[in-house]
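The values are calculated or read from the model by the stated rules, or taken from the named source; none is laboratory data. The shown structure was predicted, so the numbers you read here are calculated from the model rather than taken from an experiment. We place every Cβ from the backbone using ideal geometry, glycine too, and count neighbours over all the protein chains shown.
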Amino acid sequence: MAMDEKLPNSESLNPQAGGTPAEKPTVDADVPSASGKAPSQAGGQAAASQSKEKLTSRKAAKGVKAANSQTTAAPALQTASQAKDQSGQKQGFQTEEERPRSGVTTLLMEILHWMPSWFVSMVVHAVALLVMAMITIPGPVQDVVQQLVVAPGQNEQLEEIEELLTEPPEDINLATDLSPVEVASNIESSQDISPFNDDTAAMASFELNPIGLEHAPQTDLLASVGALSGDAFSGRGSGKERMVRTAGGSEGSERAVALALKWLADHQMPDGGWSFEHQKAGGCNGQCRNPGNLPDARSAATALALLPFLGAGQTHREGQYAKNVRAGLYYLITNRMKISPEGGSFLEQGGNMYSHGLAAIVLCEAYGMTHDKVLAAPAQQAMNFICNAQDPVGGGWRYQPRQKGDTSVVGWQLMALKSGAMSYLQVPKVTIQRAQAFLDSVQANGGATYGYLDPGNGPGTTAVGLLCRMYLGWDKNHPGLQKGIQQLSNWGPSTDKTGPGRNNFYYNYYATQVMRHWEGEEWKKWNAVMRDYLVQTQAQKGHETGSWFFENSSDHGKERGGRLYFTAMAALILEVYYRHMPLYRKQATAENFPLD
Ligand SMILES: [Zn+2]
């Protein structure tokens, strides 16, 4: 394709091969909440939270042992580092001479004394061989993954990870089999340890059986998330055309998606990422108007731009945009992800947990679609960070790790966890249970509507809340869901003239997914308006061709994300026919689109 000629190739994006590496993003952990409206937290929790936030910096990660000994909120890590400290102390205090010899040792030495030297040598070599065999039993991938997952703050492990990630993706040969990725278990184990003791009481007020937190219930929530595994992404593949036809797409909508992808590819930066300041991309030179005002939120911009490619079935291995997707993934993993004992973080100025959620969805989807083992560890790392960043009391997420949650940030994290579960990554049950408790705390009207921080009925938060409920297992008979669908249907898509607000694409993005999963007459009615509106409003002139921007939009993303934001969201909405398989037709879809 003509596109490919303009594309940066992977070699030139490799920092090692192509000159100076892109500057590592500064860590904003020390910057207070971007908006300055961090909610107050309970005393002890705030202190723990502050010291946790510092852990996101790479420097802090290297000095994590010291930090952990002060941080009760990471008991698993603390235990590990304490154990190491203690063993270190033993070696420090007791020299070889001082150590008392046991009876066995003395006997051994006597035996050694009269044994022939060749026999001693043979025994020593045999033991050495045995030890070496034991060391090499786990494959290199498993080693790396386990180090990534449990990473008890050992510098050399972080350096190994850096080595792994600074290799260009295609040069990494990790063809050995990948054992199931172990999840960071410090949340579950931490329930027996101090900071979470109050948690149980808090959870009880949300009518969650506290026993259920210690003993996973038979019908656990994760099971319903996990039930989506397997065929969830299959609509993006060979069955795509059929999905477009049967689910309400059109030639016009597919043409619009194709143009949107071309516009996104044309605005990729030379480093492989994207920026909300899209006009800085080489070929644009300011020909397209309406840049966003978050220049530092490169992870968010990159993730948002990559999602429509993945949604259309384009991966780093397949499709005409494979080079673009590869460069974008490589940029995210090597330039943007910060590894810490908390997991792999995409926190950044202006985006924080929003950015993290988006980037995590990208890694999980790319991994789920390709099963490329190179992506397994980074994707699991991103999952781990979400689990560790959850507010341990309320179950939500907000700008910074462990803040009391808001529905909007919760939506992105839950979507990421769902993508992770669909890709067979590990998500602890307790994380899902707590997220459910958060949704309970912001729902109104029997679960039909949702507020931002408290029970309410905002259109955007209602759409997010309902989609989360669908993913967490509410079935079509749930009265809250039924009422919620009616509410969305009454509101309709947010356009110039219809629906809540004006051209609110955050609302449109979530509500369209809800309606698509619901199907039926409500979906047909919704889709006819939404689809045609998007086809009509896409830019058709000059360099802006294929993009969207809505001058009069009431969407918060307008100023922040500009044209790139609208374009990505609109494209994702038009990919709704095949991006995710419909939730309530598992059997039918399994028949139509058998597993690979
Ligand atoms: Zn342009």
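A few comments on the model shown:
- Any hit, the stretch 321-341, residues being surrounded by fewer than 24 Cβ atoms within 10 Å (Cβ to Cβ), more than 16 Å from the ligand (Cβ to nearest atom) and without any contact (Cβ under 8 Å) to a residue 40 or more places away in the chain: yes
- K525 vs. criteria surrounded by fewer than 20 Cβ atoms within 10 Å (Cβ to Cβ), not hydroxyl-bearing (S, T, Y) and not in a helix (DSSP H, G or I): no
- Scanning the stretch 463-489 for residues that are within 23 Å of the chain's Cα centre (by Cα) and part of a helix (DSSP H, G or I) yields A463, V464, G465, L466, L467, C468, R469, M470, Y471.
- Among residues of the stretch 418-462 being of a type in the set (V, I, T) and in a helix (DSSP H, G or I), the one that is nearest to Y506 (Cα to Cα) is T461.
- A305 being within 16 Å of the ligand (Cβ to nearest atom) and within 18 Å of the chain's Cα centre (by Cα): yes
- Applying the set (1) crowded, with 22+ Cβ neighbours inside 10 Å; (2) over 13 Å from the mean Cα position of the chain (by Cα); (3) modelled with pLDDT of 95 or more to D440 leaves exactly one unmet item: (1).
- Hits in the stretch 373-400 - residues which are modelled with pLDDT of 95 or more and outside any helix (DSSP H, G or I): Q390, D391, P392, V393, G394, G395, G396, W397, R398
- So Q268, is it within 16 Å of the ligand (Cβ to nearest atom), touching a residue at least 60 places away in the same chain (Cβ under 8 Å), more than 27 Å from N527 (Cα to Cα) and surrounded by 20 or more Cβ atoms within 10 Å (Cβ to Cβ): yes
- Exactly one residue out of W263, W274 is within 16 Å of the ligand (Cβ to nearest atom), of a type in the set (F, W, Y), closer than 14 Å to Y565 by Cβ and part of a helix (DSSP H, G or I): that is W263.
- In the stretch 237-250, the residues that are loosely packed, with under 14 Cβ neighbours inside 10 Å and either closer than 19 Å to T512 by Cβ or modelled with pLDDT of 95 or more (or both): R245, T246
- Residue match in the stretch 279-300 (condition: of a type in the set (K, R) and within 16 Å of the ligand (Cβ to nearest atom)): yes
- Filtering the stretch 535-570 to residues that are over 28 Å from the mean Cα position of the chain (by Cα) and in a helix (DSSP H, G or I) leaves V535, Q536, T537, G542, H543, E544.
- Among the candidates T537, T567, residue that is within 16 Å of the ligand (Cβ to nearest atom), more than 20 Å from Y471 (Cβ to Cβ) and in contact (Cβ under 8 Å) with a residue 12 or more places away in the chain: T567
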